[in-house]
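Structure first, commentary second.
Nothing in this text is a laboratory measurement; each read-out follows from the coordinates by a stated rule. Everything numeric here is computed off the predicted structure, so don't read it as measured data. Virtual Cβ from ideal backbone geometry, glycine too; neighbours counted across all protein chains shown.
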């Protein structure tokens, strides 16, 4: 829809000034070129894409992660089972890929939740300022002050049980809808719970950016032109805060994944037979002395992915804000 | 002083900013009187130069006239309509009549929008233009400010300061305003570029019959463009009169000091230029001096100056200043 508009405009432009309208180079394109020059972040980006694709197509590439063959009790890596098998004879390669699905999904969905809440909250707070801002930011401060880990553990304990799910299903049925939430829904609730905590920093970043943008002349010029506030926010403010938002998003995904791994390691996150990298690392750690590959492969998968995300995020920060990187 | 041909009439305009302390329950601990009782009348097509030192409230006055800052008191009547009473959608629609040109062309253009997007947005804010016609309109605007239409798809960071200011001027003209307030439009530019932009503004105001308030702290810049000059000190106008006369024979002690500080581009005369050095800094607008706010720095100060703020005294037709000793210190030649 948006692209269609842009194409139409470009065509209208070309027909009006056919001979010489020089194409400009947008800040986004400049940033893209700077990003491509940063080898580490390009490698990071490529690895993130590969890992995501592998996990997404795990069903095609790998065997069933839950089929047990007790004859293969904890067999070492081999041609048939690249990463070996676990103590129930399940293929570890498949479990790592399927676990990666959940880990990545938790990272991305929770970050998306954080992004939506944080951007809306921060924009409102920064744009309106005054008492609205004061109250909204004090709420953030208060939530910030809660012991973060305990807070997430409480949330996951609350959400991750059948009773809560039954109650929510009851509400859904009452409204006449014909579906109910299965046990997988616990994971979705967990994403939401983590996201609901991760939005705080996003809200602060966006609020700070919006506040400094409010004082910029081009925002005042837009106001002086008589442009509506919604349009000022969406056309003039958000595109200019997008840079920091993108950077923070890429850096939030790995930190959420780490949090999920930590919760799953403690047994509070993803529940068996579903796997995530955290669950696999937890299981592997129990038998690391006899069967080290059970810890090594999931551990490697998690660390390589986290590293890649962080390199990509750092590269994006340097590319989107070249001034900040020269220190 | 309402006149028949008043196009813009500002009456007793005040912009006070409260200084507040406290969380949620705010306590007012003081007031910055940035603009403190301004009366101004401009005829259609007139260019008024507004000068004063940094912090005297000239930018705040400009923004208050344009309703970017709500006035505390007073009226701004443009072509018979009081802008100070307008709110929300009414105010947004009225904005087609008055526009602003900003000081810093590096900050006044959205860095994520092409020249085309910026100007097309401005044009379409107050008019419905068919999509096919828009490129032609934008090209016209660019030509009008002396830029080639082939720059249409470029971004602000690909232009020089002077070119950016031209784009900003084009944006202000896009809505076909009647009044333009230019807030130090050249002070962020190289001296070599300043003259070009000033000449462009002079040309545009003549061609389009624009009324303009040109704000600057640089008297020599204002002299070229203005029909009249108003001098501001601490939120008030202290002297107003035809541009040439104010320059040739400043009346108010403050104007005298300002004019004496302008270098003369003639070495022989420059050597004999007498400079009036004012002592001290401009006082804080939070706590202005009693009586005439200029008295602590005034070389002509007498005891009466402490008593009350002086009213405007007419000197010759069209020339006025707020000084109780106006005639005494400016004997007729």
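Numbers below:
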| read-out | value |
| --- | --- |
| In nm, spacing of pseudo-spin labels at residue B:160 and residue B:327 (7 Å Cα→C-beta vector) | 5.4 |
| Cα gyration tensor of chain A - equivalent ellipsoid semi-axes, whole Å, descending | 42, 27, 20 |
| Residue-span extension gain [residue A:177 to residue A:157] - 0.36 nm each, minus C-alpha spacing | 4.5 nm |
| Inter-probe distance in nm under a simple model that places probes 7 Å from Cα toward Cβ, at residue B:39 and residue A:73 | 10.4 |
| Between helix B:161-174 and chain B: long-axis angle, C-alpha atoms, 0 to 90°, nearest 10 | 80 |
| Label-to-label distance, nm, for residues given as residue B:14 and residue A:211 (7 Å Cα→Cβ offset) | 3.1 |
| Förster radius 45 Å - calculated FRET efficiency between residue A:167 and residue A:303 (Cβ-Cβ, nearest 0.05) | 0.70 |
| Cβ-derived FRET efficiency at R0 30 Å, residue A:30 paired with residue A:116, nearest 0.05 | 0.60 |
| Potential lengthening between residue B:82 and residue B:272 on full extension [0.36 nm per residue; Cα-Cα distance subtracted] | 63.5 nm |
| Between helix A:238-265 and chain A: long-axis angle, C-alpha atoms, 0 to 90°, nearest 10 | 10 |
| Residue B:27/residue B:187 FRET efficiency (R0 30 Å; Cβ-Cβ; nearest 0.05) | 0.20 |
| Rounded to 10°, Cα long-axis angle of helix A:185-214 versus longest principal axis of chain A | 20 |
| Distance from the range A:100-150 to the range B:263-327 (C-alpha centre basis), Å | 55 |
| Relative exposure of B:69, A:194, judged by other C-beta atoms within 10 Å (fewest first) | B:69, A:194 |
| Average beta-carbon neighbours from other chains, 10 Å sphere, peptide B:116-122 | 4 |
| Under the Debye formula (equal points on every Cα, no solvent term), log10 I(q)/I(0) of the protein assembly as shown at q = 0.07, 0.09, 0.10, 0.12 Å⁻¹ | -0.65, -0.90, -1.02, -1.25 |
| Cα-based convex hull volume of chain B per residue, rounded to whole Å³ | 167 |
| Computed helical MRE - 222 nm, chain A, DSSP H runs ≥ 4 contributing -39500 (n - 2.57), nearest 500 | -24000 deg cm²/dmol |
| Residue exposure sequence - B:271, B:81, B:92 - by fewest surrounding Cβ within 10 Å | B:271, B:81, B:92 |
| q = 0.11, 0.13, 0.14, 0.20 Å⁻¹: log10 I(q)/I(0) that the Debye formula gives for the range A:259-327, counting C-alpha atoms only | -0.39, -0.49, -0.54, -0.78 |
| Over 19 Å [Cα-Cα, the range B:181-333], rounded percent | 59 |
| Computed over the range B:16-117, Kirkwood Rh from alpha-carbon pairs, angstrom | 16.4 |
